[in-house]
Amino acid sequence: MPSRTGAALRAAAALFKARFASGAPQPVSTVDRARPFVPQGLRALSLSTPARPFGSLAAVAAATVLLGGSPAPAAAAGPGWSAAPAPGAGSAPDAADRPYFYLEGRPGTVLQDKLSVTNKDQRPRTLRLRSEGAQGAWIAFADRTVKVPARTRADVPFTVTVAPDAAPGDRSGALVVTGGGHRTGVRMHLRISGATLSALSVEDVRVVRTGGGGGAAIRYAVVNRGNTALTPRLAVRADGLFGAVLRRDARTLPVQVPPGKRVRLTERWRDAPALDAVDVRLTVTAGGGAHAAASATYTAAPGWLPAAAAAAALGVAGGGGTWLFRRRKRSRMSRTESGASP
């Protein structure tokens, strides 16, 4: 027994020197649960493969490495820990890595990726995983509860199963990590392959005054009626009683509208006319030939104008009444004088 123990220790030392000669921490490959080999100074964590929700999957293990002097990942973070898409080749996440998950597949396919959870604290962390959004797909983790030792990173496998009847187009969701009273999410974009439809509508257009400086705001809603995410472009024109009062060429809006979603937007109009009757027309376009337009009317008038108009109306009405009263009085007097004459 002692000879076997000595041989095992010498083999472990040789493997440790060969793998860590450079001094930098390296990922640990999948280990046998029954007889794990853990070099001194390095903690290894192995997670099981996710449940097979659709067909058979190749076994995937989670690699966990001890943190060294690597830069902090560009990731969503809580106190003492962070989460990000796992980089390739087992390296630690950094600012050059992908900021979110992007997956693409046809209906009925199973996609695989890994979530990297990093514990930068000096004590172990127990973190819980779940998913949000990504309609038309099911997300399964290798383990929904992950115990990450101190100063260790765990790469947790997960699968995304696209529903067989899912409509083609873009979906958005997130992988949510909670622990220590904090919650954070890593974004995920899923594109379901197939024929796409780009369609939108412009609704609820109205123009309102903003403050006393003569400005106005054009408020409207863009609705994605298709099955792919759209980045809209907006063009605005307005015509008053005496011609054009506003012309804005098409420009890309800083917003992306997911399929089936409505986004309310506001277009500022700082030099709106103070006195005019205006027809405002919005034209919105997007990739794939999506096109829609809508209009609204806007009557601009100074704040004092209604009161002045009302006063003028009262003055006209009062003057007319006085004139009619005097005219009738003169008529009665004339008839009286005519009846009194011999």
*From the phi of every residue in segment 104-113, what ³J(HN,Hα) in whole Hz does the Karplus formula 6.51 cos²θ - 1.76 cosθ + 1.60 yield, where θ is phi - 60° and glycine or proline is x?*
9, x, 7, x, x, 8, 10, 10, 10, 7
*Compute the Cα gyration tensor for segment 156-292, then decide on rounded, prolate or oblate, letting a ≥ b ≥ c be the square roots of its eigenvalues: rounded whenever a/c is under 1.5, prolate when a/b is larger than b/c in the other cases, and oblate in all that remain.*
oblate
*asked:* Rolling a 1.4 Å sphere over the protein heavy atoms, what is the accessible area per residue of segment 141-202, to the nearest Å²?
replied: 36
*Counting only residues 5 or more places away or on other chains, whose amide H sits under 5 Å from the amide H of Ala229 once H atoms are built in the peptide plane?*
Asp170
*Given charges of +1 on the Cβ of Lys and Arg and -1 on the Cβ of Asp and Glu, with all other atoms neutral, how large is the dipole of segment 124-183 about its Cα centre, in debye to the nearest 20?*
480
*How many Å² of accessible area per residue for segment 243-297, probe 1.4 Å?*
59
*Under the Karplus curve 6.51 cos²θ - 1.76 cosθ + 1.60, θ = phi - 60°, whole-Hz ³J(HN,Hα) for segment 155-165, x wherever Gly or Pro sits*: 9, 9, x, 8, 10, 10, 9, 7, 4, x, 9
*For segment 199-262, with all protein chains present and a 1.4 Å probe, just round the carbon and sulfur fraction of the accessible area to a whole percent.*
48
_Quick check: from the Cα gyration tensor, does segment 105-148 come out rounded (a/c under 1.5), prolate or oblate?_
prolate
_Once each part is reduced to its C-alpha centroid, what is the distance from segment 176-196 to segment 105-157 in angstrom?_
10
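The values are calculated or read from the model by the stated rules, or taken from the named source; none is laboratory data. From a predicted model like this one, the values you see are computed outputs, not experimental measurements. Positions of Cβ are backbone-derived with ideal geometry, glycine not excepted, and every protein chain shown enters the neighbour counts. We work out accessible area using only protein heavy atoms, side chains counted, and drop any ligands, DNA or RNA first. Shrake-Rupley method; radii C 1.70, N 1.55, O 1.52, S 1.80 Å.
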